[in-house]
Each structure stands twice: as structure tokens, then as C-alpha cells.
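Student: Questions regarding the structure given below will be posed in turn.
Read the figures in this text as sums done on the coordinates, not as results from a lab. Worth saying up front: this structure is predicted, and the values here are computed from it rather than measured. For neighbour counting, all protein chains shown are included, and Cβ atoms are generated from backbone atoms with ideal geometry for every residue, glycine included.
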Amino acid sequence: MNITQLLFWFLSVMALFSALMVITSKNPVYSVLWLIMVFFAISGHYFLLNAQFLAIVNIIVYAGAIMVLFLYVFMLIDVRKSSEPQKYRWIRLAGAVAGGCLLLVLVAALRNIDIKNQLAEVKTGNIGLIKNLGIELFTNYVVPFEISSILFLSAMVGAVMIGKKE
Amino acid sequence: MQNALELVYWIPLLPLLGFLINGLGRRYLSKSLISIIGCSVIFASFILSCWVFMEVKGGNSHVAEYFNFISVGKLIIPFAFQVDALSSLFLLIITGVGFIIHVYSTSYMKEEKPEHFGRYFSFLNLFIFSMLLLVMGANYVIMFMGWEGVGLCSYLLIGYWFKNNDFNKAANKAFIMNRIGDLGFLIAVFWLIAKTGTVTYADVFANVSKLNSTDATVITLLLFIGAAGKSAQIPLYTWLPDAMAGPTPVSALIHAATMVTAGIYMIARSNVLYSLSPLSMNVVAVVGLATAILAATIALKQNDIKKVLAYSTVSQLGFMFLALGVGAYSAAVFHVMTHAFFKALLFLAAGSLIHAMSGEQDICNMGGLSKKIKITYITFLIGCIAIAGIPPFSGFFSKDAILLSAFENNKILYVVALFGAGLTAFYMFRLLFVAFTGNFRGTEEQRHNVHESPASMTIPLIVLAILSIIGGFVGIPEVFMQGGEKLNEFLAPVIPLKTEHLVSQATELSLMGLSTATGVAAVVFAWFFFRNYKRSEAGGLGKILENKWYVDELYGKIIVNPLNKLGDFFNSVFEGRVIDSIVNGVGKVVNYTSRQLRLLQSGQVGNYILLMVLSMVLIFVLQFFLRK
Amino acid sequence: MPVNYYIFLSIALFCIGIAGVLTRRNAIIIFMCIEIMLNAVNLMLVAFSKMHHLKNAAVDATAGSDGQIFVFFIMVVAAAEVSVGLAIIVMMYRNIHSVDVNFLNRLKH
């Protein structure tokens, strides 16, 4: 087992465990912290796949900006008060069972797909480098890129409009 | 100038317009406006028909396709009109006689309330429309549409006075009897589609080679069942006498001149098919002749003037079927035409008579009317002479053409038919003598009220009387006039001309003499017996005849009663136990499941997502694991 | 690494996200679970992009880079979505003093 595989397994276990903790923690603040762990683990995967640009962006945007946003929201609202009552236990059970079923079905369905034995390039390959993606982004994808700025603008305006008091 | 044949669609369209205007506006239009609209559309159709007739006479024929009516797979049924010799002749009869009867109706029905008056005229127009559709259609499906349409109008008009439940029953009877026949027609059409893949006349007749003899026999027999229903032949004839419940002009138009001849038209139209099956021809001939004799015997003892005329119609239709059965299609069509004239005349004259007698229909209560209502009497007399087959009135020529064809085909048929012709003359003149001669037998009040009808009723009578006299000359036999039998020549494109004459001219002449002698003898007998009619109780055979051979009772016993019993059984047991429980059960199940399903609509997003995920799982399972 | 490892990892993460959405009723947690699902998809896209690159690099030097561009745009949209979504949650809290989605049962009426 070389170092790459070791890293892969480590990051995978970390991602799954953190994700489970996200959905099982009682306190939402802990959930947010565990979610940051998930993002880090996934960024690690990106590094492993030599997708450096995405790894960085993932940390900056998700772990940085979005999670901070979440924490700000917790600051604004009283989390304690909204702790969940313990009724409807069966519906939680049903949710867990449904998720499990979906997992089972998908795994069973994809167990024998024909790309099963193909390899994903790790550690090498330079498409994920900032330079290459940048060229791609500002040549072929420049129009969507610019449109996404309009999306951000409208999201900003929308958030302000919704958050405004009356 | 535009060719008249391009405008044929206006011929049925105009009566349809009249129907819509009168039907929708019957509460708002005045009676005079209704009659003007009702008559003028038919008159316009008549003018167009004349024009079309002239074109067709010049040797044109025309198939106008308007749109695809039904298009399923390989089967394409166009909505098309076909105008040729046969249909143009029928167009003339329908619109011509129809117009005369419309005019007559305006005064016959004038005591009705405006909205009923409008209803009457809209039905009458609708009837003309359906009848035109029937004869103009270029395929069996269009014909069937018209066929059903006239059946419906017949039903509506028989039950015109719907407050009288007996009349409603008569209407139902007519409709149901017709349905039996229609089923035969429908199956025949399906059979044709299955075997030849088309219902258009031209294509069917071009493809008759695809039919083997069994097919041809079955199809033609089924068609004949349809014709027997519509044209009141054994065993489906009993509706026609009851149909006299409708207003008299309706009886004249629908149940004498036009609708009941639809069966003749259909068989004449399908003559190519019938020629393939000698068996069917024989069946048609024998049934026709049997009907002719049976109805004639019944007519001998009926006292209701309209009933006598109704049975007479059945009997004459029987003669027409006899002609069809022996292959004399053009003779049958000829008789349809002359019969339309003199039978419409007889019915209208009877209507005038009934009018004069303040609604009395029983001839036993009439008598001695010849002096008081002269025009009615004379026109009625002309009608009687025409139907009795005395030369040179129209009935003579057409009936003689039938008898001659029967003679050429089979001597026995001829003898029986001749007997039937004698009976016809006898019962018609019995009617005439009982009603018009001798002493008046009605009440004093009726005697006081006897009056001649207004001009709008007598003029149609006179017109029809003239037509009854001269109408026969279009088919005058060649024995009398070189280049006669114009009608056969005219119909030649549709009905193949018979080239060889099987009998010599001398035989033909002597046959004519024989039938004339029979007719005259019958008239003399009638004069002898009924000049001074007194009512007497009939016995023996007379009683059986008076009761119409008990056919209605027989049908009641063997068909209606068991059906009623079965219906009772189904009503009490099947309906209550099975159907009700199924219906209620369905309701209960739906109620219960919806009550349960309602719980799913909790309004909570979580539940919806849960359901969504479960459905996704289900779809994946179906997609990946159960696909094989 | 064989690509199906990544597939199963992504599926597992995705299903954890779904289970979280189904079991939790706190709107913010549900939101976080949606983020987990988005990340699972992203990971899968990147893995496929690299698989594609390995196979077609000889033909096309930039083969597979579209996959990573997609991931980038998903992140863009997710960021916009989070900003609006959190604004809605704050608004909801302000109105009903709770972030429990079970109180949001207006759909029933």
C-alpha cells in the first residue's frame, strides 16, 4: 500500500465520518464544524487528483466563505431554542432507512458498470492546474463566467431584499 | 356558369340550415316565417336538384370528395357525395315530393302552437337533410349516417304528439325495429371493409372479385335485413302501421314516399353485389312477395284509413322488393317513383279527409262524402286508380314492369303477384267506396262541419294527382311507343340495361291485359260489396285479418315477453346483487383509499422528500433490476 | 486509483446527505446536507474528469478539463444559493421564531 492509497483511504474515511457527524450532532454549531472537516477532506481528494485549483477554491469558497455565512446565521438566531423535539421518531427512522435503501440500490446498480476498472489519474496530469483551467475559463467558457457574475449580483440583491426588515 | 354538379353540397346543406334556423328559433319566429323558411329551403334544394338532374341527364356524373371522414390505418372513408342517375332521380323525388308535403303541412299543422310548429318543421327539414345524405353519399358509411338520421327523424315525428303515450310507444317500436335492421346493415358494412378494405361504392364494385360467393351471400342478406327494417318487410314490418301515429303529412313523406324506399335504394345501389348471389335474390323476391300478399290481406279488413294506407305501403314495398329480387332494379326504382306520387297523394288526400271529418279516422264513420269534398274525392280517386294499376295511370306502368319481370323469372311468382295486385285494387276501392259513397254514418256535428280544405292543401293534392296520372309515361314500355322506357336508359350507368327480352310482344300485351282485367274486376267486386257499406261483425278469416294475422301478438308472445321476463330477472337479481354492489364497492374503495391517501398530504416538506426518495429508489429498482 | 472507488465514495456521501435531509428538521442542517450532496457530486465529476484525461491525453491535451470547469460553476451557483437560502432562513426565523421545517406546513392548505 503506497502513500497515495493510504492518503485516499484516510481522506475517504475522514469525509464519511465527518459527514455522519454532521447529520448526527445535536448541536448545529458542531455540525458546521464537522462540515468544514468534510470540505477539507474533499479538498484533500482534489489535491490527490492534482486538481489544485478546485482544491483551493473549495477551501476558500466553501470552508471559508460559506461556512462563515452559516456561523453568522447561528449568531443571528437562537440555536438552543430551535433544538428539535424528540417526537416523530419513526419519521427519522424512515428517513435513515430510505437513505440506506438508496445507497444499497445505487451500489448494487453500479457494482458492475463497464468503467469499473478504469483508472482515475492521481498525482499527475496538468489539467487541474490554475494556468490551464484559467486559459480554458477565459477562452471557451468566458460567457458563462461573465453570466455567473450576474448571478452573483442578483443573489446579492435577492439576499438583501429578503433579509431587509419589511 | 358553374357546373351544377360542383354545387351539390348545397342540396343537403340547405335543409340543414332550415333545420338549424327553425329548430333554434322556434320560440322566437312566427308561424308564417317558420313555414316560409321551412318550405323555401326545400324548394331551393328542389331547384338545385332539377339542375343537377339535367346535368346528369346530359351524361355527367360526379363524385365530390370533401374531407376524410374516418382514416384508420389503411381504411380511409372520405366524406363524399356521389351524383349519378340513381341518386339524382331520388333527389328529385325527395325534394319534389318533400316540397309539396311541406306546403301541405303549413296548413295541416296550422293549429299547433308556434314552438311546436317550429319543432315540426325543423324535424321535417332534418329528415330531408338525412334522406339526401342517404342517397347522395358516395359510400356505405355516409349512407348509414343518413340511414340513422332518417330513422331518428321518423322516431321524432311519429312521437310528435309526445303527450300521448301510445304515440310514444309507436315511435319506440319504429325505432327499435329499425335498430334490428340497422345492425344487419352495420355488420354488412364491417364485412365489406374486412373483405374489400373499402366502403366507397365505386371501389367496392370494382373489387367484387375479392368476394367469394359465401361472402357475397352473407353481405347481401345482411344488407337485406337492414333494408327490411327500414322498408318494413317481413319480419320487421309491424312498425309501419303503428307509425301512423304521426301527423298525416309525416306519414305521407316518411312512411310512404321517401324513407321507406331507402331499402329499395340501397339494394338498387348494391345491385352489383346482389347479382353475385342468386340465393339472396331469391330470398329478397320471396320475402317481398310474401310481405306484399300478407299486408294486402290485412289491409282488406282495416277500418282506420291511415292503417289501410300503411298496409298498402307495406304491400307496395313488397312489390318493389319482388322486382329487386327478380333482378328488375330499374322497375323497382320506377315503382318507387310512381308510388311516391300516388301514395303521397293518397295520404295527403286522407289527411284532407280527416281534416274535413274533424279528426275522424275510422272509415265506418264516414260515407257519402263525395259530393261535399269534391277535390279531395277526385284526387283520392285518381290515387286509387293509379295504385290499382289501371292504364294509363302511372301505377299501371310500374306495376306492370314488375309483373313482367316476375313472369320472365318465375311463373309462380307472377301468379301470386298478380293476385296481390288484385287485392290491392280491391282494398283500395273498398276504402274509397266506404269512405265516399253510401250514407253518412258520422255524428250530426261532424256532418255539419264537413268542409273542403284550404287551397294550400288542395293544390298539393292536384299537383300530385297530375303527377300520378302522367308520372308513368317516363317508363312507358316499348310495346306502346317506339323509344320508350326512357327511365331504364337513364338509369343505365348505375343499373345495367337488360338487353334481351324473354317474352314476345304478344305475351307482354296479353299479360298487361290480364293485370288490367284483374284490377278492373277487383274494382267491380269492391263496388258490389261496399257501395252501401254497413258495419258488421267480422268472423272467421275476417276476424284474423282484422287482427292482422295476430302477428303483433305473436311477436309479443315469443320475443317481447321472454325479453321482459329476462329484463325483470336482471332488474331484480343481477342489478341489485351484482351491479349495485360493484358500483357501491367501487365508490367505497375509492372513498377509503382517498381518505388514506389524504394522510400523505401532510404539508410537511420532510414527508414529501421522503416520498420522493422512496420513489427514486423504486425507479432505480425497476430500471436496473426488473428490466429483463 | 480505480474510478469506482470514487464512485462509491461519492454515492456514500450523497446518501449520507439524503439521510440527513430526511432525518433532521432544522432548516440550517438540511441546508448543510445539501452542501454535502453537492460536494459528493463535485468529487465524482473531478474523478471522471481525471479518468477521461488519462484516457484521451494523447489525443487532446486539455481532455477532461470541462469536468473541472463544471465543478467550478457548481461552486459558483452553490455560493449564490447559500446566500439567498440563508437569507430566507433568517427571514423565516424572524417570522415564526423557529427554523424547524415542520412548522412550514402551509403546503397542506
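Student: Taking Cα centroids, how far is the range A:139-166 from the range A:87-120 in Å?
Tutor: 35 Å
Student: What's the angle, to the nearest 10 degrees (0 to 90), between helix B:165-196's Cα axis and the longest principal axis of chain B?
Tutor: Roughly 70 degrees, rounded to the nearest 10.
Student: Which order do peptides B:548-556, B:154-162 fall in by mean Cβ count within 10 Å, highest first?
Tutor: The densest-packed peptide leads the list: B:154-162, B:548-556.
Student: Percentage of Cα-Cα pair distances in the range B:1-41 greater than 12 Å, rounded to whole percent?
Tutor: For the range B:1-41, the fraction of Cα-Cα distances above 12 Å is 60 percent.
Student: Also, quick follow-up: Beyond 22 Å, what percent of the Cα pairs of the range A:1-82 remain?
Tutor: Here the tail beyond 22 Å accounts for 32 percent of pairs.
Student: Here's another thing I want to ask about it. Looking at the range B:247-325 from every direction and averaging, what is the projected area of its Cα convex hull in nm²?
Tutor: Mean projected area for the range B:247-325: 4.9 nm², to one decimal.
Student: Listed highest first by mean packing, meaning other Cβ atoms within 10 Å per residue, what order do B:146-153, B:503-510, B:355-362 come in?
Tutor: Final packing ranking: B:146-153, B:355-362, B:503-510.
Student: Across the range B:195-254, how large is the tail of the calculated P(r) beyond 17 Å, expressed as a percent of all Cα pairs?
Tutor: 57 percent
Student: In whole Å, how far is the Cα centre of the range C:1-53 from that of the range B:160-224?
Tutor: Rounded to whole Å, the Cα centres lie 70 Å apart.
Student: Roughly how crowded by other chains is peptide B:609-617, in terms of the mean Cβ count from those chains within 10 Å of each of its Cβ atoms?
Tutor: Other-chain Cβ atoms within 10 Å of each residue's Cβ, averaged: 6.
Student: For B:E489 and B:N365, compute 0.36 nm times the residue count separating them, minus their Cα-Cα distance, and round to one decimal in nm.
Tutor: In short, 39.9 nm is gained.
Student: Let me ask something else about it. Identify all lysines with a Cα-Cα distance to B:K588 below 20 Å; exclude those on the same chain that are fewer than 8 residues away in sequence.
Tutor: none
Student: Related question: Label point 7 Å out from A:L76 along Cα-to-Cβ: which residues of the range A:123-166 have amide N under 19 Å?
Tutor: A:152-166
Student: Oh, and also: Mind pulling the per residue volume of the convex hull built on the Cα atoms of the range A:126-166? Å³ is fine.
Tutor: Looking at the range A:126-166, the number lands at 65 Å³ per residue.
Student: Still on this structure, please answer the following. Shielding of A:21-34 by partners, i.e. mean partner chain Cβ atoms within 10 Å per residue?
Tutor: Across the residues of A:21-34, the mean count of other-chain Cβ atoms within 10 Å is 3.
Student: Moving to a separate point now. Starting at 0 and stepping by 20 Å, how many percent of the alpha carbon pairs of the protein assembly as shown end up in each bin?
Tutor: Cα pair-distance distribution for the protein assembly as shown, in percent: 12, 30, 13, 13, 19, 10, 1.
Student: Turning to a different aspect of this structure: Under 17 Å from the 7 Å Cα→Cβ point of B:W161, by amide nitrogen: which residues of the range B:338-352?
Tutor: B:348, B:350-352
Student: Oh, and also: What does the highest-first list of B:330-336, A:156-162 look like by mean Cβ count within 10 Å?
Tutor: B:330-336, A:156-162
Student: Given a cut-off of 27 Å, name the pairs among B:K74/B:K230; B:K173/B:K411; B:K173/B:K543; B:K372/B:K543; B:K307/B:K374 whose C-alpha atoms lie farther apart than that in the structure shown.
Tutor: B:K74/B:K230; B:K173/B:K411; B:K372/B:K543
Student: While we're looking at this one, here's another question. Measure nothing but the geometry: give the 0 to 90° angle between the long axis through the Cα atoms of B:31-57 and the longest principal axis through the Cα atoms of chain B, rounded to 10°.
Tutor: 80 degrees
Student: Could you give me D for chain C, from Stokes-Einstein at 37 °C and 0.692 mPa s, where the hydrodynamic radius is the Kirkwood radius over C-alpha pairs? Units µm² s⁻¹, please.
Tutor: Once the numbers are plugged in, D ends up at 205 µm²/s.
Student: Please give every one of the lysines within straight-line cross-link reach of A:K26, meaning a C-alpha to C-alpha distance under 24 Å, and leave out same-chain neighbours fewer than 8 residues apart.
Tutor: Filter leaves A:K81, A:K87.
Student: Please report the net charge: other residues with Cβ closer than 14 Å to the Cβ of C:G67, K and R +1, D and E -1.
Tutor: Computed value for this residue: -2.
Student: Averaging over every viewing direction, what projected area does the convex hull of the Cα atoms of the range B:1-138 cover, in nm²?
Tutor: With every direction weighted equally, the projected area is 9.2 nm².
Student: Could you identify which residue out of A:G95, A:G134, A:G125 has the top mean-square fluctuation in a GNM of chain A using Cα springs shorter than 10 Å?
Tutor: Answer for the Gaussian network model of chain A: A:G95.
Student: Which of the lysines could be linked to C:K50 by a straight reach, that is with a Cα gap under 29 Å, when you skip same-chain ones fewer than 8 residues away?
Tutor: A:K116, A:K123, A:K131
Student: When all C-alpha to C-alpha distances in the range B:554-624 are sorted into bins of 5 Å, what percent of pairs does each bin hold, rounded to whole numbers?
Tutor: Result returned by the calculation: 4, 12, 9, 10, 10, 9, 8, 7, 6, 6, 6, 5, 4, 3, 0.
Student: Determine, at each q value in 0.06, 0.09, 0.10 (inverse angstroms), the log₁₀ of I(q)/I(0) that the Debye formula gives when each Cα of chain B is one equal point scatterer.
Tutor: -0.36, -0.73, -0.88
Student: Now, a different point. How far apart, in nm, are the 7 Å Cα→Cβ label points at C:I74 and B:E553?
Tutor: Result for the modelled spin labels: 9.3 nm.
Student: In addition: Rg(Cα) of chain A divided by 2.2 N^0.38 Å?
Tutor: Compactness ratio reported: 1.32.
Student: Rounded to the nearest 0.05, what FRET efficiency is calculated for B:K411 and B:K169 with R0 set to 45 Å and r the Cβ-Cβ distance?
Tutor: After rounding, the FRET efficiency stands at 0.55.
Student: I want to check the label-to-label distance for A:L119 and A:I150. Put each point 7 Å from Cα in the C-beta direction and report it in nm to one decimal.
Tutor: So the label points at A:L119 and A:I150 sit 4.5 nm apart.
Student: Follow-up. Taking each residue in C:49-56, count the Cβ atoms of any other chain within 10 Å of its Cβ, then average. What number comes out?
Tutor: Mean shielding by partner chains, rounded to a whole number: 6.
Student: Using r as the Cβ-Cβ distance of B:V560 and B:F67, and R0 as 35 Å, what FRET efficiency do you calculate, to the nearest 0.05?
Tutor: 0.25
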